[in-house]
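The values are calculated or read from the model by the stated rules, or taken from the named source; none is laboratory data. Fair warning: this is a prediction, and the values are worked out from it, not measured in the lab. Quick reminder, even Gly has a Cβ in these numbers, built from the backbone with ideal geometry, and neighbours come from all protein chains shown.
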Amino acid sequence: MRTFAYLFGAIFICAACGHSARQEQLQTDSLSDSTTLTEIDYAGSYSYEQSGDTVALHLTMQGSKAVGHLTYAWKEKDHNSGSFEGEVKYGVLLANYTFSSEGLTSVREVAFKLDGKTATEGYGDVEERDGKFVFKDSNALDFSQGLVLQKQ
């Protein structure tokens, strides 16, 4: 009878350990799936059109790395268009935007807060560093007054 009790106890312990490992694997798989969905949600085309002004953002995700094309076409001002490369952290795209305007090529940092449906442009104090304009403090960006681009 003792042998049966020990055998039953050993089987119970093994089953409990196996259940824990399966639970952990399911949780890991779930996190991986949600990360993938988040990346897919961010990728795509976003645009803003109002009073003759147009902004278009085309975003491709490669893990947390973000690449794409950005165009600003203002009704009464210069048009600029170019590519960007950066990354998305905590739903914020921070990227170096290389663009041409009036025959000159420039680089500046851009920021957009992403939620899968919109991309809201962020603003903050900038400084020139190594020939490009970058945000002084990317943690202090203001997204409350930025243009809101809708996902297409």
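The table for this structure:
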{"read-out": "Cβ pairs under 8 Å, 6+ apart, first in the range 128-147 and assigned by TED's automatic domain parsing to the domain that holds V92 and within 15 Å of Y90 (Cβ to Cβ), second of a type in the set (S, T, N, Q) and surrounded by 15 or more Cβ atoms within 10 Å (Cβ to Cβ)", "value": "F143/T120"}
{"read-out": "Which numbered condition Q62 fails, given (1) surrounded by 13 or more Cβ atoms within 10 Å (Cβ to Cβ); (2) within 21 Å of Q152 (Cα to Cα)", "value": "(1)"}
{"read-out": "Segments classed as strands (runs of 3 or more DSSP E), wholly inside the range 66-152, with at least 2 members that are at pLDDT 95 or above and surrounded by 18 or more Cβ atoms within 10 Å (Cβ to Cβ)", "value": "79-89, 92-101, 104-114, 118-121, 148-151"}
{"read-out": "All positions within the range 88-113 that are small (G, A, S) and farther than 17 Å from V67 by Cβ", "value": "G91, S100, S101, G103, S106"}
